[in-house]
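Visitor: Quick one: this structure, given as C-alpha cells, is what I'll be asking you about.
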Amino acid sequence: MAKINQKKELGKGIRALLGDINQQMNEDDVLVLDNPKTTNTQLISLDRIEVNPFQPRVNFDEEAMEDLANSIKVHGIIQPLTVRELTGTNKYQLISGERRWRASHLAGLSEVPVYIRTANDQEALEMALIENIQREELNAIEIGVNYQRLIDECKLNHEELADRVGKKRATISNYIRLLKLPPDIQVAVREDKISMGHARALAGVDEIDLQLSIFKEVIGKSLSVRQTESLVAQKSSQRTPRPTKEKKGQPNFVRRWQDDLSSHLSTKVTIQHTDKGNGQLILSYADEKDLERIIELIS
C-alpha cells in the first residue's frame, strides 16, 4: 500500500512539474537546453542578434520582463528564439522571441539557443505576425491589427490568411471588422471592459452615433453579450432610415469624411456641404465632460 501511495505521489509530482513547464511555455519563459548538439538549435551570442524591424509587438510590460529575467536566471531558456541569418554581416535577426531576447539581456546571459530559419523580408514578417497572433494574451483588437497587416503587407486575401493561421475565413473577417469600430469602443476591448462578443454585436450597427449610444448603455448597465445583441436589434429596428434624397445629394467624399471624423472623435459628426464648396461642420456632445474630451482630441 505504501508503494502504491509513493507512486501516486510521484505521479502528482511529475504532473505538477509538467504543468509548471507548460505554464512557463505559455508565458514565453525560456530554458537552456543541456545538450544543444542533440537538437537542431545553436547557441549564439546575444550581441550577434538584432531586433526585428517588422516586429508587430511594440509594448513590453516592464514588471513582467523583470519576472521573466529572474526566471531565466534560475531555469534558463525553455523555448529557443527564432532568427534568420543576415547575409554578409555575421549577424542574425529575430523573427520571434524579442521578449525572451530582452529578458536574456536583463538576466546577464551572453548567448542564447536559437532556431535558424531561411527567410526573406516578407517571410520574416509573416512568421513574426503569425507567431504574435498565436499568443494567448492578445486581445481581439490586437489580433485584428495583425490579421490586417498580414493581408496588407504579405498580400494575402482572407481565404489565404485563414489557411495560414488555421482559422475559418469568417473568423478572420470578424476580427478585421472590429478595426472599423470607433476608438472608444476599441479601447474598451483592449482594456477588457467589453468582450469580443460585445464588440461584434456593436460592429453590426451601421451608424456610428448609434454604435456609441449603445456602447455607453452597455458599459453603464454592464450588459451581457446576449443583452447587447438584443439591444442592438431593438435600437436598429427603431432607427428611422436616412432620407434617400439626403444620401443622393451628399457627395461620397463628404460621407466618408463624416464617418471617419465620427469614428475618430467617437461622437456624431454632421457635415453640411453646399454646391458652392463651403458649409458647416457640426459636432455633437452629450455633456460638458464629453465636450472637453472632444476639444482635447482636436487640439
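Since every read-out is calculated from the coordinates, none of them should be taken as a lab result. Just so we're clear, the structure is a prediction, and the values are computed from it rather than from any experiment. Every residue, glycine among them, receives a Cβ derived from its backbone with ideal geometry; neighbour counts consider all protein chains shown.
Visitor: Under a 5 Å amide H to amide H cut-off, with H placed in plane at 1.01 Å, what residues pair with Ile95 once short-range neighbours are removed?
Guide: Amide H neighbours of Ile95: Thr82, Val83, Arg84.
Visitor: How far is it, in nm, from the label point at Gln148 to the one at Lys216 when both lie 7 Å from their Cα along the line to the Cβ?
Guide: Label-label distance for Gln148 and Lys216, simple model: 2.5 nm.
Visitor: If R0 is 30 Å, what FRET efficiency do you get for Lys193 and Arg169 from their C-beta distance, rounded to 0.05? List each step's numbers first, then the result.
Guide: Working: r = 29 Å, r/R0 = 0.95.
That pair, Lys193 with Arg169, gives E of 0.55.
Visitor: Would you calculate the separation in nanometres between label points at Asp290 and Asn157, each defined as 7 Å from the Cα along the Cα-to-beta-carbon direction?
Guide: 4.2
Visitor: Let me ask another. Under a point spin-label approximation (7 Å from Cα along Cα-to-Cβ), what is the Gln272-Thr87 distance to one decimal in nm?
Guide: Using points 7 Å along Cα→Cβ, the separation is 6.3 nm.
Visitor: Provide the FRET efficiency to the nearest 0.05 for the Arg48-Lys73 pair, computing r from the beta carbons and using R0 = 22 Å. Mind dumping the intermediate values first?
Guide: Values: r = 22 Å, r/R0 = 0.98.
Computed FRET efficiency for Arg48 and Lys73: 0.55.
Visitor: Separate question: Given +1 on the Cβ of Lys and Arg, -1 on the Cβ of Asp and Glu, and no further charges, what dipole in debye does the range 195-240 carry about its Cα centre, rounded to the nearest 20? Spell out each step's value before the answer.
Guide: Numbers: 6 positive and 5 negative charges, 34 e Å.
In debye, rounded to 20, the range 195-240 gives about 160.
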